[in-house]
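Here's the structure we're looking at; comments come further down.
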């Protein structure tokens, strides 16, 4: 099984934004094994959004780097133990950050981390990111399987409830920042994902909807699709497709709900 990916990042294009409104940064990180020893750990996927607060501008990048390093550090642990260790490392850093007296980021961080090793999916989130799995004619909200604490979580337990499951050939997965719901309703997303379109066509259709609706909010979308391994003769390395950075026009309209 191989996992195909498409990434879309929408950037705000509004010149009318209130100057004192915190800047929101959306980012996508995809990591692959660096050597044969790490192959059993599969791939690591992170989608993050942070409304920038003082001294936290690089938090998305820092968390992604910490998680990636720890996850692939000791491949002999296996995927689940490596995943838990990586999250523990991230929680420790967030706890230290909170002790420095600036916990404002707690309510402004929306973060998804997932790994896929063979057919095993491991998934965790904090905040209100969007995560869906489309299989045949069904769309499952993966985030609904996360048990969330009431109120604000303790910084040392930001990443705690891990969802596990198996994926199948043909499955499509969407990891996105919260404003996905302002672009597509669950039914609209289901219709797009359950079509026979390729992942690139799905990406292009979402791009088209955003342009037609003149969306201006920041949004990151990572699309994944599980496919059968290609024949050996087709296993050649190709250049990664560039991310789509979209800056829509300013006007707003009501959209799919």
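The values are calculated or read from the model by the stated rules, or taken from the named source; none is laboratory data. Being a predicted model, the structure only gives us computed values, none of them experimental. Cβ sites come from the backbone with ideal geometry, for glycine too, and all protein chains shown count toward neighbours.
With respect to the stated conditions, residue 150 fails to be over 16 Å from residue 6 (Cα atoms), modelled with pLDDT of 75 or more and part of a loop (DSSP other than H, G, I, E, B).
Against the conditions (1) touching a helix residue (DSSP H, G or I) at 6+ places or on another chain (Cβ under 9 Å); (2) modelled with pLDDT of 95 or more; (3) surrounded by fewer than 21 Cβ atoms within 10 Å (Cβ to Cβ), residue 27 satisfies every one except (2). Evaluated against (1) in contact (Cβ under 8 Å) with a residue 40 or more places away in the chain; (2) surrounded by 21 or more Cβ atoms within 10 Å (Cβ to Cβ), residue 125 falls short on exactly one condition, (1).
Each row is one residue, and each column tells you yes or no for (1) within 22 Å of residue 134 (Cα to Cα); (2) modelled with pLDDT under 90; (3) part of a helix (DSSP H, G or I); (4) in contact with a strand residue (DSSP E or B) (Cβ under 8 Å, 6 or more places away or on another chain).
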residue	(1), (2), (3), (4)
160	no, yes, no, yes
173	yes, no, no, yes
195	yes, yes, no, no
203	yes, no, yes, yes
214	no, yes, no, no
217	no, yes, no, yes
222	yes, no, no, yes
233	no, yes, yes, no
240	no, yes, no, no
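Inspect all residues belonging to region 103-114 and state whether any of them is at pLDDT below 85, touching a strand residue (DSSP E or B) at 6+ places or on another chain (Cβ under 6 Å) and either more than 27 Å from residue 170 (Cα to Cα) or part of a loop (DSSP other than H, G, I, E, B) (or both). So far as region 103-114 goes, yes, one or more of its residues are at pLDDT below 85, touching a strand residue (DSSP E or B) at 6+ places or on another chain (Cβ under 6 Å) and either more than 27 Å from residue 170 (Cα to Cα) or part of a loop (DSSP other than H, G, I, E, B) (or both).
Residues considered: 59, 97. Of these, the only one that is buried (at least 18 other Cβ atoms within 10 Å of the Cβ), touching a strand residue (DSSP E or B) at 6+ places or on another chain (Cβ under 6 Å) and modelled with pLDDT under 95 is 59. Applying the criterion of being free of Cβ contacts under 8 Å to residues at least 60 places away in the same chain and buried (at least 18 other Cβ atoms within 10 Å of the Cβ) to the residues of region 76-85, the residue that is farthest from residue 164 (Cα to Cα) is 82.
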